[in-house]
Amino acid sequence: MSRASARRRQRGRSCAEPGVVNAPAFLTRKIPPYELLDEEALVGLEDHAEWLLSEIGIEIRDDPEALELFRQAGATVNGELLRFDRGQVRALCQTAPRTYTMHARNPARSIEFGGDNLIFGSAYGSPFVTDLKSGRRYASLEDFQNFIKLTYLSPWLHHQSGTICEPVDIAVNKRHLDMVYAHLRYSDKPFMGSVTAPERAVDSLAMAEIVFGKAFMQENLVIQGNINVNSPLVYDNTMTGALRTYAAANQGNVISPFIMGGAMSPVTQPAIIAQAHAEVMVGIALTQLVCKGAPVVYGSFLTTIDLKTGAPTFGTPESTLATLAISQLSRRMGLPFRCGGHLTASKTADAQAMQESTNAMNPAIMAGANFIFQAAGWLESGLTIGYEKFVMDAEQCGALARLVAGLEIDADQLAGEAYLEAGVGNNFLGVAHTMRHYRTANFRAELVDATPFEQWTEAGSKDMQQRAYECWNRMLAEYEAPPIDPAIDEALLDYIATKKASMEDAWY
């Protein structure tokens with residue numbers, strides 16, 4: 001046993017110790033999703049989405065191959081503008097699988113998409129990082145690796161996301177190689193590959209193939225691309241090129257319109273919802289035209305803006321309603337649904353951050369989401385990922401994991417024996433039933449301080465950000481990488497070296 005492992009065992013359960021927590025590779029919901037809209041309202045939204053696709057249309061820019069696929073499928077193509085007969089796009093989506101497995105490097109960490117399953121993943125896409133000591137700065141490869149390690153260590157995060165932060169110290173045309181390597185080397189949970197150019201998606205697939213094998217990948221999902229629509233009603237060739245690359249390899253895509261009402265759509269929520277539904281169906285349909293049965297996630301990122309300043313806002317009542325409504329449309333499609341996250345416009349992990357994050361995350365849980373990335377670390381409308389915010393959010397994911405587990409009503413949970421042992425007027429702290437269940441009866445939030453004021457003062461009067469700062473530093477200090485076959489690791493490093501040597505650095 002290593003010294004770090006021994007220290008963790010001696011100290012017992014802490015924010016740095018995932019092994020003590022009995023956390024599964026993914027969650028299974030035991031609580032029902034909230035149904036906001038009735039049949040008439042849902043049909044109204046679907047009809048408006050069909051009107052958008054038939055009358056307004058949607059563009060696919062600079063991708064003649066995608067346009068030709070839709071032309072052959074019966075769409076009306078006028079230049080780069082596509083229009084569809086009513087029901088045509090939805091019919092093309094029908095071959096997408098309703099449930100499927102995403103395999104991890106460690107088979108024990110493989111996850112299930114769809115049905116009643118729920119998966120939490122890390123934040124995605126921030127060019128900046130921040131922490132309590134060093135403040136806000138551009139993200140580096142070291143930061144990227146750190147957040148991979150923190151994701152690996154958290155028992156409440158099941159998916160590593162993709163570009164957790166953007167390592168701007170590495171050339172733009174090469175950094176995807178280092179990021180995919182970090183995903184494969186410093187953790188063994190599922191992850192996303194690069195989507196910033198089709199050839200970078202090809203590299204991501206090639207590196208995954210080194211680890212999983214070509215034959216296995218032909219039949220199994222091991223990597224995904226996160227595809228954003230250029231709302232309103234536009235896909236560009238970067239996104240469709242990456243989408244087609246992953247789908248052609250029978251790998252996954254998460255299709256997510258990114259809509260801020262009033263900027264990329266009309267300001268009213270029903271319009272936002274119908275537009276998002278139209279946009280995501282086109283992306284799903286394209287995956288199926290490339291490869292019938294290719295795994296795909298119906299994604300949604302719908303929020304509001306401050307109509308005085310134009311700044312994005314999160315956790316608003318309007319975005320909550322939009323999330324609840326679009327989740328019902330995804331269920332009518334029968335597809336795994338992605339939305340939400342611990343989203344905030346706050347620049348630091350303060351009260352605003354946690355209020356907005358909770359207001360954004362809870363609707364995703366209520367809506368029955370299957371995949372929630374941006375679940376840990378998001379700050380500043382996504383421009384920044386915070387170390388303290390990351391571990392605070394991850395712990396909140398643990399509390400939500402307990403919530404979605406629901407209640408089990410049986411003789412043991414009703415605790416008749418405890419009443420018989422304690423009798424009337426006595427407390428239950430020492431009875432056998434309590435002793436049997438005290439470790440697991442309640443979720444224990446390690447970053448929360450519930451001690452008396454005097455004890456808290458003696459310990460330094462630390463607030464949650466200070467405790468979180470100590471937590472993530474301790475986690476990284478005690479991190480131990482998961483094992484990997486040395487021959488596979490060498491092959492990955494050789495691939496990276498060869499690819500980097502084949503091109504000059506490009507910083508744009």
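The values are calculated or read from the model by the stated rules, or taken from the named source; none is laboratory data. Here the structure is a predicted model, which is why all the values come from computation and not from measurement. Counting neighbours? That spans all protein chains shown, and the Cβs are built from the backbone with ideal geometry, glycine included.
For the reader, a short list of remarks on this structure follows.
- For region 59-172, the strands (runs of 3 or more DSSP E) that sit wholly inside it and include 2 or more residues that are within 20 Å of Ile223 (Cβ to Cβ) are 100-102, 111-113, 117-120.
- Test: residue in region 279-294 that is of a type outside the set (Gly, Ala, Ser), without any contact (Cβ under 8 Å) to a residue 40 or more places away in the chain and outside any helix (DSSP H, G or I): no
- Scope region 354-374; condition of a type in the set (A, V, I, L, M, F, W, C) and touching a helix residue (DSSP H, G or I) at 6+ places or on another chain (Cβ under 9 Å); matching residues: Met354, Ala360, Met361, Ala364, Ile365, Met366, Ala367, Ala369, Ile372
- Ala23 meets each of the listed conditions (1) among the hydrophobic types (A, V, I, L, M, F, W, C); (2) touching a Lys or Arg at 6+ places or on another chain (Cβ under 9 Å); (3) modelled with pLDDT under 95 apart from (2).
- Among the residues of region 323-362, just one is in contact with a Ser or Thr (Cβ under 8 Å, 6 or more places away or on another chain), more than 14 Å from Leu379 (Cα to Cα) and of a type in the set (A, V, I, L, M), namely Ile326.
- Only one of Glu59, Glu65, Glu40 that is in contact (Cβ under 8 Å) with a residue 40 or more places away in the chain and out of contact with any strand residue (DSSP E or B) (no Cβ under 7 Å at 6 or more places or on another chain): Glu65
- Near pairs, Cβ below 7 angstrom, 6+ apart or cross-chain, from region 79-104 (of a type in the set (Asp, Glu)) to any residue that is surrounded by fewer than 21 Cβ atoms within 10 Å (Cβ to Cβ) and assigned to a strand (DSSP E or B): Glu80/Glu59; Glu80/Arg61
- Residue within region 51-73 that is among the small types (Gly, Ala, Ser), more than 30 Å from Ala405 (Cα to Cα), over 31 Å from the mean Cα position of the chain (by Cα) and modelled with pLDDT of 95 or more present: yes
- Count of residues meeting criterion [within 22 Å of Leu407 (Cβ to Cβ) and assigned to a helix (DSSP H, G or I)] in region 433-460: 5
- Only one of Arg436, Arg444, Arg474, Arg467 that is loosely packed, with under 15 Cβ neighbours inside 10 Å, over 30 Å from Asn370 (Cβ atoms) and of a type in the set (Lys, Arg): Arg436
- Considering residues of region 368-392 that are within 13 Å of the chain's Cα centre (by Cα) and assigned to a strand (DSSP E or B) only, the residue farthest from Leu403 (Cα to Cα): Trp378
- Evaluating Asp116 against the criteria (1) among the acidic types (Asp, Glu); (2) under 30 Å from Arg402 (Cα atoms); (3) without any contact (Cβ under 8 Å) to a residue 40 or more places away in the chain leaves one unmet condition, (3).
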